[in-house]
Amino acid sequence: MNWLKNLYKKYYYIAPLDLADSAESNRLFNLYWAFFWLIGSLLFMVVFLIRYHGNYAAYRFHIMFWGILTPDLLISLILSIAVKNVDRKKAYIYKNLPIFVIYYVIGTAYTILLFYIQENHYNGFIMYNAASCLLISLLDVTLPVIIDIILAFFIMLPGVIKFWGPMGTFNYSIMIILLLFMAFYNRFRLKQRVALLKTQKQKLEAKTFGNFTLFYNNKVIKFSRSKSTELLAYLIYKNGCSLNTKELLSVLYGDYADSAKYGSSLRLLVSDVKHTFEELNIQNFFIKEYNSFRINPEVVQCDYYDFLAGDSKTIKAFAGEFMSQYSWAEDTAAFLERKVLEK
């Protein structure tokens, strides 16, 4: 049993905090994906009901499918919004929940419904494998996905043996083995990436007490635009939370800044940051995806994060100033001072 535990830790286990950033990527993907799929589902259902008006009995399974799909997508979408600001220590669990709501209900439960109750074997088989392949290819895999693949295999196996015989069973087994291989390989690559980023963390440092400064290899990182530094300072202050264009424009250019006027300016800042980090080979720190921006707190040393974690040495080092060059940081400086007094 110990060798199995050691094997698990060596090749599979990743600390939940190290998965917080990938969980946020999964959440953002699901937020937009579920929204557009929900709109498409509602439109398709309306067209379907109009076209087959009065002949619902012949298409009861189609109606059942859309009746399950639509609320499932809505619940998943609401969850994606609700867990946006969840604590990073719990992000691995909560931010992946919206994905599992769709995957387990539509990708697995309805597949088994198709396979056994409707006896629509090929559609059920294809639907499950397509859902699993998409999930493994597009997102970072977690243990529940692998467990689901194994459970689904044993649940569907009796039906496969009955309907498709020995050759069908053999092909089905090969497909499941390939899915498991893809899932484990996905996880192995993620584990390698996390290890690489931990090495990078030893070189990348953000100082927030006093004026904000970003260092790499003990040298100040200089950007071609002054607002680029403020952009990163605010994202570091937000501690890994995703911000959209409107939120960033409000912080950088004022409450009434609109995307039509300042959108190009933000794009220049983003380009400046990305170009500078590419030259320094800084990876997976500044992240832009799905019209959202964030930094990955797990790849940077930061006195602010150490303070929040309760590090006594860092708390004593705080002298009342936090990102002093930015007015939006004043409330946080007062908050940190109160924390020092409470200690």
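Return one number: the angle in degrees, 0 to 90 and rounded to the nearest 10, between the long axis of the Cα atoms of helix 226-237 and the longest principal axis of the Cα atoms of the chain.
60
How would you classify the range 188-341 from its alpha-carbon gyration tensor, with a ≥ b ≥ c the square roots of the eigenvalues: rounded for a/c under 1.5, else prolate if a/b is greater than b/c, otherwise oblate? Intermediate values should be presented prior to the final figure.
Working: a/c = 1.73, a/b = 1.09, b/c = 1.59.
Judged from the Cα gyration tensor, the range 188-341 comes out oblate (a/c at least 1.5, b/c at or above a/b).
Work through the residues other than ARG27 whose Cβ is under 13 Å from its Cβ and net out their charges, Lys, Arg +1 and Asp, Glu -1.
Local charge sum for ARG27: +1.
If TYR304, TYR104 are ordered by their accessible area, calculated over protein heavy atoms with a 1.4 Å probe, which sequence runs from highest to lowest? Don't skip to the answer; put the middle values down first.
Working: TYR304 20, TYR104 80 Å².
Heavy-atom accessible area, descending, gives TYR104, TYR304.
Is the range 113-238 best put as rounded, prolate or oblate by its Cα gyration tensor, with a ≥ b ≥ c the root eigenvalues, rounded for a/c under 1.5, and otherwise prolate when a/b is larger than b/c, oblate when not? Walk me through the numbers before you get to the answer.
On the way: a/c = 4.83, a/b = 3.32, b/c = 1.46.
Because a/c hits 1.5 or more and a/b exceeds b/c, the range 113-238 counts as prolate.
With an 8 Å cut-off on Cα pairs and a minimum separation of 6 or more residues, tell me the relative contact order of the chain in percent.
This gives 16 percent for the chain.
Largest first, how would LYS339, LYS89 line up by accessible area (1.4 Å probe)?
Values: LYS339 80, LYS89 155 Å².
If we order LYS339, LYS89 from most to least accessible, we get LYS89, LYS339.
On the full set of protein chains, 1.4 Å probe, figure out the accessible area of ARG189 and give it in Å² to the nearest 10.
It works out to around 120 Å².
Using alpha carbons only, how many angstrom separate the centre of the range 169-227 from the centre of the range 275-343?
Between the Cα centre of the range 169-227 and that of the range 275-343, the gap is 19 Å.
Taking the 0 to 90 degree range and rounding to the nearest ten, how far is the long axis of helix 121-138 tilted relative to the main principal axis of the chain, both from C-alpha atoms?
Taking Cα atoms only, the helix is inclined about 10 degrees.
With +1 on the Cβ of every Lys and Arg and -1 on the Cβ of every Asp and Glu, and nothing else charged, how large is the dipole of the chain about its Cα centre, in debye rounded to the nearest 20?
Using only the charged Cβ atoms, the result is roughly 620 debye.
Provide the gained length on full extension for the span LYS227 to HIS62, in nm with one decimal, where the gain is 0.36 nm per separating residue minus the Cα-Cα distance.
That works out to 54.1 nm of additional length.
Based on the Cα atoms of the chain, what semi-axes does the equivalent ellipsoid have, where each is the square root of 5 times one gyration tensor eigenvalue, given in whole Å with the largest first?
45, 26, 17
Counting only C-alpha contacts under 8 Å and six or more residues apart, can you give the relative contact order of the range 54-139 as a whole percent?
22
Tell me the accessible surface of MET127 in square angstrom (1.4 angstrom probe, heavy atoms of protein chains only), to the nearest ten.
Counting only protein heavy atoms, the figure is 50 Å².
Relative to the longest principal axis of the C-alpha atoms of the chain, give the angle of the C-alpha long axis of helix 330-342, reported between 0 and 90° and rounded to the nearest 10°.
With rounding to tens, the tilt is 90 degrees.
Whole number in Å², please: accessible area per residue of the chain, 1.4 Å probe, ligands, DNA and RNA not counted.
55
What is the percent carbon and sulfur in the accessible area of the chain, measuring with a 1.4 Å probe over the protein chains and ignoring ligands?
It is 61 percent, rounded to a whole number.
Placing +1 on the Cβ of each Lys and Arg and -1 on the Cβ of each Asp and Glu in the range 1-143, which of HIS121, LEU19, ASN96 has its Cα farthest towards the positive end of the resulting dipole?
My answer, from the dipole projection, is LEU19.
How would ASP258, ASP140, ASP72 line up by accessible area, probe 1.4 Å, largest first? Don't skip to the end; give the middle numbers.
Working: ASP258 70, ASP140 35, ASP72 10 Å².
In descending accessible area the options line up as ASP258, ASP140, ASP72.
Report the FRET efficiency, 1/(1 + (r/R0)^6), for ILE78 and LEU49, where r is their Cβ-Cβ distance and R0 is 22 Å, rounded to 0.05.
Computed FRET efficiency for ILE78 and LEU49 comes out at 0.35.
GLN301's amide H: which non-local residues (gap 5+, or another chain) put their own amide H closer than 5 Å, with H modeled 1.01 Å from N in plane and none for Pro or chain starts?
LEU204, GLU205, ALA206
Considering only the chain, what is the antiparallel percent among its DSSP beta bridges, to the nearest 5?
85
The values are calculated or read from the model by the stated rules, or taken from the named source; none is laboratory data. This structure is a prediction, so every number in the text was calculated from the model and none was measured. Note: ideal-geometry Cβ built from the backbone for every residue, glycine included; neighbour counts use all protein chains shown. Keep in mind that these areas ignore ligands, DNA and RNA; they rest on the heavy atoms of the full protein, side chains included. Shrake-Rupley method; radii C 1.70, N 1.55, O 1.52, S 1.80 Å.
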